[in-house]
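The values are calculated or read from the model by the stated rules, or taken from the named source; none is laboratory data. This is a predicted model, so every value here is computed, not measured. Note that each Cβ is placed from the backbone with ideal geometry, even for glycine, and that neighbours are counted across all protein chains shown.
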Amino acid sequence: MLLLYTASCMEVEVVYALPTEQKCYRFEVPPGITVQMAIDLSKITQAIPALQTPDLLVGIWGKRVTLERVVRPNDRIEIYRPLLIDPKKVRQLLVKTERKGKKRSFYPPR
């Protein structure tokens, strides 16, 4: 893939949050590239091989988008991790533990 950088380049950011740290890559890209292309240019998939999958869940500023969406200047592309537990299940467990008068500690230890 050959990309020509011109004076009209725009800055974007690709981020991925791990349980213990956050990976953040800020760089310039030419206009018209997609979210997938920006992720590839960021080299984040080389730093975190688990992200080398075609079914990534991504968003821009907290709003889900597809990998084909064209990025805009100053977009923050967020790569989401899969949920460990369903939020609805968490609420149900909270209610059960509070009714029994127990401490809220149903999350698995890290």
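Below are the figures for this structure:
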{"read-out": "Residues of region 57-86 satisfying the condition of being in a loop (DSSP other than H, G, I, E, B), under 15 Å from Tyr25 (Cβ atoms) and aliphatic (A, V, I, L, M)", "value": "Val71"}
{"read-out": "Index of the failed condition, Asp86 passing every other in (1) modelled with pLDDT under 85; (2) surrounded by 10 or more Cβ atoms within 10 Å (Cβ to Cβ)", "value": "(2)"}
{"read-out": "Residues located in region 90-110, provided they are within 20 Å of Pro19 (Cα to Cα), at pLDDT 55 or above and either surrounded by 11 or more Cβ atoms within 10 Å (Cβ to Cβ) or of a type in the set (A, V, I, L, M) (or both)", "value": "Val90"}
